[in-house]
Amino acid sequence: MARTVWGSTVGKKAVMAVSGLVMLLYLVVHMFGNLKIFFGPGTFDGYAHWLRTLGEPFLHYEWALWIIRVGLVAAVVAHGVCAYQLSRRDLRSRPVGYVRPRARSSYATRTMRWGGVILALFIVWHILDLTTGTVQRGFVPGHPYHNVVAAFHDWWNNVFYIAAVLALGLHVRHGFWSAAQTLGAGSPTRDRVLKGTANVLALVLTAGFVAVPVGVMTGLVS
């Protein structure tokens, strides 16, 4: 049964929809956590410490955080694999000798495809920059406020981050609507609400994530 669902186009779209909603939930929580940086280093560093002690004493230090990370990685991998496989199926289904293959794919589909690639590269960079500190010169373990400020003092990092967030906004806008249709939530009476929700989510997430580097660049966060 599971193999049949996974092997079907409908099944893969359902996996993409569910994994996308899991990632969307994480993004909303992550954005609210990021905005705590505007309340100062004590609040932001305290929030980061709380994440690592979440679930204690039932769970050990950082166990809850690692459970979240593993679940998120699983969602990202499932989402990416299904997107790639569906894309390959779409290419194979095109008639041989089709003169203008790009005309068959909509602007939204192309945006989602390239936006997904940009976001995948950004996730890797973001982890190396602010989680492990591998690529950040001023990284200090255990001081997330300092690390965020140090990272966004580099203009090129801000450009890359903001470009990725804009791609994220477009991805969320189309992805939420697509997931709703795949999971059967769409209908003539609900479509307007779903489209409005998709637009609001995309706008709020974009503004929320962009606010941090802008805050550092303007000196509001220092």
Quiz item: On the given criteria, is residue 17 of a type outside the set (Ser, Thr, Tyr) and buried (at least 16 other Cβ atoms within 10 Å of the Cβ)?
Solution: yes
Self-check item: Yes/no for residue 206 being closer than 18 Å to residue 23 by Cα, modelled with pLDDT under 90, among the polar types (S, T, N, Q) and out of contact with any strand residue (DSSP E or B) (no Cβ under 9 Å at 6 or more places or on another chain)
Solution: no
Quiz prompt | Candidates 42, 46, 71 - the one that is in a helix (DSSP H, G or I) and under 15 Å from the mean Cα position of the chain (by Cα) | solution = 71
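When only residues in region 93-121 that are among the charged types (D, E, K, R) and outside any loop (DSSP other than H, G, I, E, B) count, which is modelled with the lowest pLDDT? Talk me through it step by step, then tell me what you get.
To start, the set of residues in region 93-121 that are among the charged types (D, E, K, R) comprises 94, 100, 102, 104, 110, 113.
Filter once more, keeping what is outside any loop (DSSP other than H, G, I, E, B): 102, 104, 110, 113.
Details: 102: 49, 104: 43, 110: 62, 113: 70.
Only one residue tops the list, namely 104.
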Quiz prompt | Only listed residue being surrounded by 14 or more Cβ atoms within 10 Å (Cβ to Cβ) and at pLDDT below 75, chosen from 45, 90 | solution = 90
Self-check item: Close pairs from region 5-32: first free of Cβ contacts under 8 Å to residues at least 40 places away in the same chain, partner of a type in the set (Lys, Arg) and surrounded by 15 or more Cβ atoms within 10 Å (Cβ to Cβ), Cβ under 8 Å, at least 6 apart
Solution: 6/12
Practice problem: Considering only region 44-80, state which residues are within 28 Å of residue 118 (Cα to Cα) and touching a Phe, Trp or Tyr at 6+ places or on another chain (Cβ under 6 Å). | Solution: 44, 72
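The values are calculated or read from the model by the stated rules, or taken from the named source; none is laboratory data. Here the structure is a predicted model, which is why all the values come from computation and not from measurement. In this analysis, Cβ positions are derived from the backbone assuming ideal geometry, glycine residues included, and neighbour counts consider all displayed protein chains.
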